[in-house]
Amino acid sequence: MNIFTSIFIASEAAGPPETHSWIWPERAEIVYGCTASILIFVALIKFGGPVIKKGLSARTEKIQKDLDSGKNDKASAQAEATSIRAALGDIAAERTRILAEADAQATALLTEGRARITAEMAGLEQKAEADIAAAAARSGDELRAEIAQLAGVATERVVSSSLDASTQQALIENFISNVGAAR
Amino acid sequence: MSDARIDGYARAMYEIAQAEGVVNEVEKELYTLARAIESNEQLRNALTDESLPVERRQTVVEQLLGGKASTVTTQLVSFIVGSGRGRELPAIADKLSKRASSESHREVAEVRSSVALTPEQQQRLSDALTKATGKQVNLKIIIDPLVLGGLVATVGDTVIDGTVRTRLDQLKSRL
């Protein structure tokens, strides 16, 4: 049996201590306890208060800083959002402008192409008409020449066949008469 | 051949004809032969082809003119052809004709007709041309079927054209 076992057995053998009230401790215990508590509180207030206050201030400052930072971040985000929205607006305007410009260029190209094709067609039509007219004139001239030649040949044959002796004599007599009457 | 040489031949032939007293006859026959040579390529070749012997060409002349032309004309033409001047015979005949006309103070009047003219028509035509040109004319009638009908007379630089051929040509031009 060791010493602790011996003490426990001795105490159990002596029975539990008794106080004067079952609620209130002894007066000395109250005094010493209150004094000790006050001293502890004073010490806490004196030595722990500034630290706590400082910690609270730092925490408040940190929270304020976080709030300010959040505010700034929000403002930045809002600015960024505005910028993005503006950029989006610019992109839409640029898209509209590019589309309008492309439409205008396409319209101009179409108009120019139509004008050029119309002019070329007019030129071709004019040239074709001139060629047709020239061909018609050429054909007409050739036809007239052919008709004239055939008419000449036919006339010569008809005249030759109609020149009998009496006609020949009449022509000679007519010539002599005309020459004689010339002066 | 040069004009001087043609003129020389014409003058010599004229003087021979004059010496023989047959100028008009020779001139007329030569003129007729000249026109025949001009219009007949075969005859022209026969008289001018130098590849043929001279005797052959002279035989052609004698066969052609014998009995149809005077002896002087035949000999003169034979001489020209024998000299190798057959190609110039028309020009020599023209010169001779002009010379003969000039000697008799007349102008050669070349008349082309498709049919022959009677002596009476020739006389009246000669008178008419004399009246029209104011010159005595030495009428030369050439039968030319190409004129078709009517007459064309050339007196010096004057041309009086009344042929059917010319009328037809004018009609063709107008057509």
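Couple of notes before you dig in:
- Qualifying residue in the stretch B:92-114 (condition: more than 18 Å from the chain's Cα centre (by Cα), hydroxyl-bearing (Ser, Thr, Tyr) and more than 9 Å from chain A (Cβ to nearest Cβ)): no
- Check on A:Glu101, within 14 Å of another protein chain (Cβ to nearest Cβ) and surrounded by 10 or more Cβ atoms within 10 Å (Cβ to Cβ): no
Results for (1) at pLDDT below 85; (2) more than 18 Å from B:Lys28 (Cβ to Cβ); (3) out of contact with any Ser or Thr (no Cβ under 6 Å at 6 or more places or on another chain), shown as yes or no for each residue.
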position: B:Asp49; (1), (2), (3): yes, yes, yes
position: B:Gly66; (1), (2), (3): yes, no, yes
position: B:Ala69; (1), (2), (3): no, no, yes
position: B:Phe79; (1), (2), (3): no, yes, yes
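- Among all residues of the stretch B:158-168, there is none that is more than 9 Å from chain A (Cβ to nearest Cβ), closer than 30 Å to B:Ser2 by Cβ, open to solvent by less than 60 Å² (accessible area, probe 1.4 Å) and hydrophobic (A, V, I, L, M, F, W, C).
- Verdict on B:Thr154 being away from chain A (no Cβ under 11 Å) and under 30 Å from A:Asp141 (Cβ atoms): no
Let's see how each residue does on (1) at the interface with chain B (Cβ under 8 Å from one of its Cβ atoms); (2) open to solvent by 70 Å² or more (accessible area, probe 1.4 Å):
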{"site": "A:Arg95", "(1), (2)": "no, yes"}
{"site": "A:Arg116", "(1), (2)": "no, yes"}
{"site": "A:Ala135", "(1), (2)": "no, no"}
{"site": "A:Ile147", "(1), (2)": "yes, yes"}
{"site": "A:Arg157", "(1), (2)": "no, yes"}
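- Taking the criterion of being more than 29 Å from the chain's Cα centre (by Cα), among the polar types (S, T, N, Q) and over 30 Å from B:Lys172 (Cβ atoms), the residues of the stretch A:94-147 that qualify are A:Thr118, A:Gln126.
- Condition check for B:Lys68: free of Cβ contacts under 8 Å to residues at least 40 places away in the same chain and not assigned by TED's automatic domain parsing to the domain that holds B:Leu129: yes
- Pairing each residue of the stretch A:166-181 that is more than 7 Å from every other protein chain (Cβ to nearest Cβ) and surrounded by fewer than 15 Cβ atoms within 10 Å (Cβ to Cβ) with any residue that is at pLDDT below 90 and in a helix (DSSP H, G or I), provided the two are 6+ apart or on different chains, yields C-beta distances under 9 Å for A:Ala181/B:Lys131; A:Ala181/B:Ala132.
- Scanning the stretch B:124-144 for residues that are surrounded by fewer than 19 Cβ atoms within 10 Å (Cβ to Cβ), without any contact (Cβ under 8 Å) to a residue 60 or more places away in the chain, more than 10 Å from chain A (Cβ to nearest Cβ) and not charged (D, E, K, R) yields B:Gln136, B:Ile143.
- Residue identified as part of a helix (DSSP H, G or I), without any contact (Cβ under 8 Å) to a residue 40 or more places away in the chain and exposed (fewer than 10 other Cβ atoms within 10 Å of the Cβ) among A:Lys46, A:Lys65, A:Lys71, A:Lys54: A:Lys46
- Residue tally, condition over 12 Å from the mean Cα position of the chain (by Cα) and open to solvent by 100 Å² or more (accessible area, probe 1.4 Å), over the stretch B:25-42: 2
Residue by residue, here is whether (1) closer than 24 Å to B:His105 by Cα; (2) small (Gly, Ala, Ser); (3) not in a helix (DSSP H, G or I) holds:
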residue	(1), (2), (3)
B:Lys28	yes, no, no
B:Thr32	yes, no, no
B:Leu43	no, no, no
B:Ala46	no, yes, no
B:Ser51	no, yes, yes
B:Lys68	no, no, yes
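- Looking only at the stretch B:145-163, residues that are closer than 23 Å to A:Ala181 by Cβ and in contact (Cβ under 8 Å) with a residue 24 or more places away in the chain come to 12 in all.
The values are calculated or read from the model by the stated rules, or taken from the named source; none is laboratory data. Please read all numbers here as calculations on a predicted model, not as lab measurements. Heads up, the Cβs are rebuilt from the backbone with ideal geometry, glycines too, and the neighbour counts pull from every protein chain shown. Please note that ligands, DNA and RNA were not included when accessible areas were found on the heavy atoms of the full protein model with its side chains. Shrake-Rupley method; radii C 1.70, N 1.55, O 1.52, S 1.80 Å.
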